[in-house]
1. Check VAL22: other-chain or 5+ apart residues with amide H under 5 Å from its amide H, H built from backbone geometry?
2. Local charge sum around SER37 (other residues, Cβ-Cβ under 11 Å, Lys/Arg +1, Asp/Glu -1)?
3. Going by accessible area, probe 1.4 Å, with all protein chains left in place, what is the ranking of THR47, THR10, largest first?
4. Taking the dipole about the Cα centre of the chain, with the C-beta of Lys and Arg at +1 and of Asp and Glu at -1, give me whichever of THR47, HIS62, ASN19 is farthest to the positive side.
5. Run the quick spin-label model on ASN53 and GLU17: label points 7 Å from Cα toward the beta carbon, then report their separation in nm to one decimal.
6. All other residues with a Cβ under 13 Å from the Cβ of TYR27 taken together, and with Lys, Arg as +1 and Asp, Glu as -1, what is their net charge?
7. Counting each DSSP H run of 4 or more residues in the chain as -39500 (n - 2.57), what helix-only mean residue ellipticity at 222 nm follows after dividing by all residues, to the nearest 500 deg cm²/dmol?
8. With every protein chain kept in place and ligands, DNA and RNA left out, what is the accessible area per residue of the chain? Probe 1.4 Å, answer in Å².
Amino acid sequence: MPDINKKMLTQQLRELEYNDIVYRKVYNQIPPKVEYSISEYGKGLSTVLQALNDWGETHSEHMNELHGEVGSDD
């Protein structure tokens, strides 16, 4: 998500935290520091995410075969 702004990223992380998919650790220091990590519950998504990634790669290859590489001069 390269174009995400700070507000949207914070909203998404808070929603993932609320749903127990990520864990948020706040360090009491100056400047403030927060770290996010995947929760044990969130780790259950790894199989689903891997399947989506695999399908996405296959789909991309399929589209390249069907329509040719993007930017080619064919």
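The values are calculated or read from the model by the stated rules, or taken from the named source; none is laboratory data. For clarity, every value in this text was computed on a predicted model and none was experimentally measured. Please note: Cβ atoms are built from the backbone with ideal geometry, for glycine as well, and neighbour counts cover all protein chains shown. Ligands, DNA and RNA are excluded from the accessible area calculation, which covers all protein heavy atoms including side chains. Shrake-Rupley method; radii C 1.70, N 1.55, O 1.52, S 1.80 Å.
1. The answer is GLU17, SER39.
2. On the way: positive: ARG24, LYS25, LYS43; negative: GLU17, GLU35, GLU40.
Around SER37, the charge tally is 0.
3. THR47, THR10
4. Going by the charge dipole, the pick is ASN19.
5. 2.5 nm
6. Details: positive: ARG24, LYS25, LYS33; negative: GLU35.
Overall, the nearby charge balance is +2.
7. Working: 2 runs with 35 residues, N = 74.
The helix contribution divided over the chain gives -16000 deg cm²/dmol.
8. That works out to 92 Å² for each residue.
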